[in-house]
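The values are calculated or read from the model by the stated rules, or taken from the named source; none is laboratory data. Computed from a predicted structure; not experimentally measured. Here the Cβ positions follow ideal geometry from the backbone for every residue, glycine too, while neighbour counts run over all protein chains shown.
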Amino acid sequence: MIKAQTMKKIINPWRDNPQYHCFGCCPDNPIGLHMEFYEEGDDIVSHWHPDAHYQGWVDTMHGGILSTLIDEVCGWVVTRKLQTSGYTVQLNVKFRKAVPTTEPLLTVRARVNRQVRNLAYISAEIINSEGEACNEGEAIYFLMSPEKAREMGFLPCEVEEEG
């Protein structure tokens, strides 16, 4: 029997920092995406609701916003799975299917494919409410040393306890 993997909510370690205004994940950024993240096995997952404010063409999500969703979830893979900080050095996104702004829920999912020294290769996808993969991405992140990450304000990233 295969045991189902549980999702655990990731605690945002910067949520109380007054200088924290990330467009992707800060809950208090008035123009931000307000993404939240969960750990499910090797994956980091975010559930996100599109909105007409993020359109490119009429009723269609802007490709830059979709790319941001992918980049952000990949960044949280670095934060949670690799417990360090880093930055994107390359982001490739394939737009397979248009995403309507009326889509009720998108699932953004990412995981580390491989790590070569201080580079992490992370794959991601955006799945619509019908279970269709609309966008695929690969990000390459430069990983900071633990010392440099701490110097830049990195805090350990934990998950909520199961209750």
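What residue, among those in segment 76-102 that are buried (at least 20 other Cβ atoms within 10 Å of the Cβ) and out of contact with any strand residue (DSSP E or B) (no Cβ under 7 Å at 6 or more places or on another chain), is nearest to Cys157 (Cα to Cα)?
Thr79
Among what's in segment 41-68 and is outside any loop (DSSP other than H, G, I, E, B) and in contact (Cβ under 8 Å) with a residue 60 or more places away in the chain, pick the residue that is nearest to Val93 (Cα to Cα). Let's see the steps before the verdict.
The initial filter retains those residues of segment 41-68 that are outside any loop (DSSP other than H, G, I, E, B), namely 43-48, 52-55, 60-61, 63-68.
Then drop every residue that is not in contact (Cβ under 8 Å) with a residue 60 or more places away in the chain, which leaves 43-48, 66-67.
Details: Asp43: 18, Ile44: 18, Val45: 17, Ser46: 17, His47: 19, Trp48: 18, Leu66: 9, Ser67: 7 Å.
The extreme case among them is Ser67.
Check off (1) at pLDDT 95 or above; (2) loosely packed, with under 14 Cβ neighbours inside 10 Å; (3) not aliphatic (A, V, I, L, M) for Cys22 and give me the number that stays unchecked.
Cys22 satisfies every listed condition except (2).
Give the residues of segment 149-163 that are surrounded by 12 or more Cβ atoms within 10 Å (Cβ to Cβ), over 16 Å from the mean Cα position of the chain (by Cα) and either in a strand (DSSP E or B) or in contact (Cβ under 8 Å) with a residue 12 or more places away in the chain (or both), sorted by residue number.
Once the filter is applied, which keeps residues that are surrounded by 12 or more Cβ atoms within 10 Å (Cβ to Cβ), over 16 Å from the mean Cα position of the chain (by Cα) and either in a strand (DSSP E or B) or in contact (Cβ under 8 Å) with a residue 12 or more places away in the chain (or both), segment 149-163 yields Ala149, Met152, Gly153, Phe154, Leu155.
Looking at segment 26-40, can you tell me whether even one residue there is small (Gly, Ala, Ser) and touching a Phe, Trp or Tyr at 6+ places or on another chain (Cβ under 6 Å)? First the steps, then the outcome.
Filtering segment 26-40 for residues small (Gly, Ala, Ser) gives 32.
Remaining after also requiring touching a Phe, Trp or Tyr at 6+ places or on another chain (Cβ under 6 Å): 32.
Within segment 26-40 (the criterion being small (Gly, Ala, Ser) and touching a Phe, Trp or Tyr at 6+ places or on another chain (Cβ under 6 Å)), the answer is yes, since at least one residue qualifies.
Considering segment 114-145 alone, what residues qualify as being of a type in the set (D, E, K, R), under 11 Å from Arg96 (Cα atoms) and outside any loop (DSSP other than H, G, I, E, B)?
Narrowing segment 114-145 to residues of a type in the set (D, E, K, R): 114, 117, 125, 130, 132, 136, 138.
Applying the additional criterion that residues be under 11 Å from Arg96 (Cα atoms) yields 125, 132, 136.
Residues satisfying the conditions are Glu125, Glu136.
Does segment 126-147 hold any residues that are without any contact (Cβ under 8 Å) to a residue 40 or more places away in the chain and under 26 Å from Tyr20 (Cα atoms), and which are they?
Once the filter is applied, which keeps residues that are without any contact (Cβ under 8 Å) to a residue 40 or more places away in the chain and under 26 Å from Tyr20 (Cα atoms), segment 126-147 yields only Glu147.
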